[in-house]
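Every number here is computed from the coordinates shown, using simple stated rules; none is lab data. Quick caveat, the model's predicted, so the values are computed rather than measured. All Cβ positions, even for glycine, are placed from backbone atoms using ideal geometry, and neighbour counts span all protein chains on display.
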Amino acid sequence: MSEPQSKDLQDMNDLVSLCKRRGFIFPSSEIYGGVGSCWDYGPLGAELKKNMKERWWSSMTNRTDVEGLDAAILMHPKTWEASGHVEGFVDPLVDCKTCKGRFRADQLEQTTCPKKPSKKTHECGGELTEPRNFNLMFKTFMGPVEDSSATVYLRPETAQGIFVNFLNVQQSMRQKIPFGIAQIGKAFRNEITPGNFIFRTREFEQMEMQFFVEPGSDEDWFEKWKELRMNWHLENGIRKEKLRFHEHGEGELAHYAKKAFDIEYELPFGWQECEGIHNRTDFDLSRHQEFSGKKIDYFDEKQKKRFVPYVIETSVGCDRSILVALADAYREEQDRIYLKLSPRLSPFKVGVFPLMKKPELMEYSMKVFKDLNSRLRCVFDDGGSIGKRYRRQDEIGTPYGVTIDYDTLTANTVTLRDRDTMEQERVNVENIKEVIEEKIANWKA
Ligand code: GAP
């Protein structure tokens, strides 16, 4: 049976509201009115995030040529001088002399304040100051003294933790080039124009991998990683027609990159970057060598030569991947909203429902739940009509439902319902685990 006609996500507010209502994502410190573009993951969001990270981590570290790492957020301040972030990680800002509003100069179309008049700002359209560079790194102090000698930064990317540990990892794991280091962790940017829900926030999580290669082989590796990374998004169940590559032009390239491609996804507010793949050359390792005074290179035993490796970086936001997965999965039909999430990502794989709250059905259902839950993350729901319970699970993306009724007690069969097609079939309770596992393995968007 084909799936009923459904509508995609048109308005981000629908997704924000579903996420709040169903325990995926809440505004941070909501009881105090929230705090600028920070979000908290609720019970279902935390589960989805864990699944997202697990998919990325295993796709990287199941390879014999990629090692994992978990470096500290706070790093020696010289790291950020070497990386170029102290000098170059800036946005040009202008201030309005009338309402004191602050704007990114490179995003303004006019030469006067763009704010509309309000009670506070009276008449805007005021005169703007000359642009000044504003560094996006959050600063704090280490130890009891709050002066410039104690300044440290919250890392704006996880990548630098990998670069400074290049030799530690290579030597301790006896890796040979080419090989990579993968890391998942928090990053912080004092973004001037955050927004669009979890798309651009000031605290977020990155999943980054630096692949160290011999200079000259970098362009081939760049192409390989581009393809591997696009496939990862497709394997998350994201529709192919909603994904594309975008090559950075000269003016767009980051200070460290020789070449860069974004993987973009079409959100309701347009095509947006989800992941960056960068050829960072030997920029970072050479700069750390220069600033630390320590030799950072690699000796190739076969060729009997030393070189500073080039780096191909793949960098994807975990929160942005979650936004893409949720936005892509969102479907509205006449009488239901459902999330067509890949079962590999969905917080729960199976909902278990006793048809009625009768002791014999409850007891049997609990047994089925316990058995299934030992292998697949399940949810038990005995509240309300069966139709309502199906709808509740549809809305949080639970792909399969198992209903226990009076026939179950006599014939040992249960009803297995499919979220996407709403088709139902009777399956012997003995086989239910294997049947669902096979469906999960073969699930396609
Ligand atoms: N190490 C390279 C690097 O950080 P980037 O293009 O600045 O490159 C990589 O960031 C990815 O991190 C982006 O594609 C995006 O998924 C995520 N990201 C960056 N800034 C973000 C923000 N303010 N909020 C959420 N995710 C962000």
Check your understanding: Which aspartates and glutamates have a Cα lying under 13 Å from the Cα of K367, excluding residues fewer than 8 positions away in the same chain?
Key -> E430
Exercise for review: Can you tell me the FRET efficiency between T410 and Q334 if r is taken as the Cβ-Cβ distance and R0 is 35 Å, rounded to the nearest 0.05?
Suggested key: 0.45
**Study point:** Extension reserve of the D300-R174 stretch, reckoned as 0.36 nm per residue once the Cα distance is removed
**Key:** 44.1 nm
Exercise for review: Round to the nearest 10 and give me the degree value, 0 to 90, for the angle of helix 12-21's Cα axis relative to the longest principal axis of the chain.
Suggested key: 60 degrees
Review point. Over the chain, what is the relative contact order in whole percent, taking alpha-carbon pairs under 8 Å and six or more residues apart?
Key: 14 percent
Review point. Given K53/K226; K20/K115; K258/K295; K116/K242; K258/K305, which pairs have Cα atoms separated by over 26 Å?
Key: K20/K115; K116/K242
Study note, to complete from the structure: With +1 at each Lys and Arg Cβ and -1 at each Asp and Glu Cβ, the charge dipole magnitude of the chain around its Cα centre, to the nearest 20 debye, comes out at 820 debye
Exercise for review: Among L326, L416, V352, pick out the residue whose Cα is farthest towards the positive end of the charge dipole of the chain, where Lys and Arg carry +1 and Asp and Glu carry -1 on C-beta, about the Cα centre.
Suggested key: V352
Check your understanding: How many nm separate the modelled label positions at F141 and E227, each set 7 Å beyond the Cα in the direction of the Cβ?
Key -> 5.4 nm
Point to revise | Net dipole in debye of segment 223-349 [+1 Lys, Arg Cβ; -1 Asp, Glu Cβ; about Cα centre; nearest 20] | key: 620 debye
Exercise for review: Filter the cross-link list K176/K240; K349/K370; K7/K388; K176/K294 down to pairs whose alpha-carbon distance in this structure exceeds 24 Å.
Suggested key: K176/K240
Practice item. Just check segment 1-157 against the gyration tensor rule for me: Cα atoms, a ≥ b ≥ c as the square roots of the eigenvalues, rounded for a/c under 1.5, and otherwise prolate or oblate depending on whether a/b exceeds b/c. Key: oblate
Study note, to complete from the structure: Percent antiparallel among DSSP beta bridges confined to segment 305-428, nearest 5, equals 60 percent
Check your understanding: Any idea what the dipole of segment 37-96 comes to, in debye rounded to 20, about its Cα centre with Lys/Arg Cβ at +1 and Asp/Glu Cβ at -1?
Key -> 320 debye
Revision key, fill the gap. Note on segment 354-393: alpha-carbon gyration tensor, axes a ≥ b ≥ c; rule is a/c under 1.5 for rounded, else prolate if a/b larger than b/c, else oblate; result oblate
**Study point:** Rough spin-label spacing in nm, given labels placed 7 Å along Cα→Cβ, for A150 and N428
**Key:** 7.1 nm
Practice item. Working from Cα positions, state the angle (0 to 90°, nearest 10) between the long axis of helix 218-235 and the longest principal axis of the chain. Key: 30 degrees
**Study point:** Peptide ranges 31-38, 328-335, 165-172 listed from the most packed, as the mean C-beta count within 10 angstrom indicates
**Key:** 328-335, 165-172, 31-38
Check your understanding: Is the shape of the chain best called rounded, prolate or oblate, per the rule: a/c under 1.5 gives rounded, else a/b larger than b/c gives prolate, else oblate, with a ≥ b ≥ c the square roots of the Cα gyration tensor eigenvalues?
Key -> oblate
Review point. Considering the dipole of the chain built from charges on the beta carbon (Lys and Arg +1, Asp and Glu -1) around the Cα centre, which of F24, Y406, S59 is farthest to its positive end?
Key: Y406
